[in-house]
1. Arrange the peptides 30-36, 48-54 so that the one whose residues have, on average, the most other Cβ atoms within 10 Å appears first.
2. Karplus couplings for segment 21-37 from phi (6.51 cos²θ - 1.76 cosθ + 1.60, θ = phi - 60°), rounded to Hz, Gly and Pro as x?
Amino acid sequence: MLFTSTATALATAGTESVRDMPMPPWAFGAIAFGCFIVLLGVLWSFRNTAARYDKPDPGAHT
């Protein structure tokens, strides 16, 4: 028991390395949400383009 706790203490003594995140965790979600909103806007801008550039029907008289 003593050897196990001593080995664990020695193994973890110098390996604790803490890296702070560059921003709070909620900011990562906010950035991802903003990117999805921008992509939704790009997708929305192309709505109904297939019908607009469809080949005209030769039998239809408008």
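1. Output ranking for 30-36, 48-54: 30-36, 48-54.
2. 6, x, 7, x, x, 5, 5, 4, x, 5, 5, 4, 4, x, 5, 5, 5
We did not get these values from a lab; they are worked out from the coordinates using the rules stated. Remember, it's a predicted structure, so these values are computed and weren't measured experimentally. No Cβ is skipped: glycine too gets one built from the backbone with ideal geometry, and neighbour counts run over all protein chains shown.
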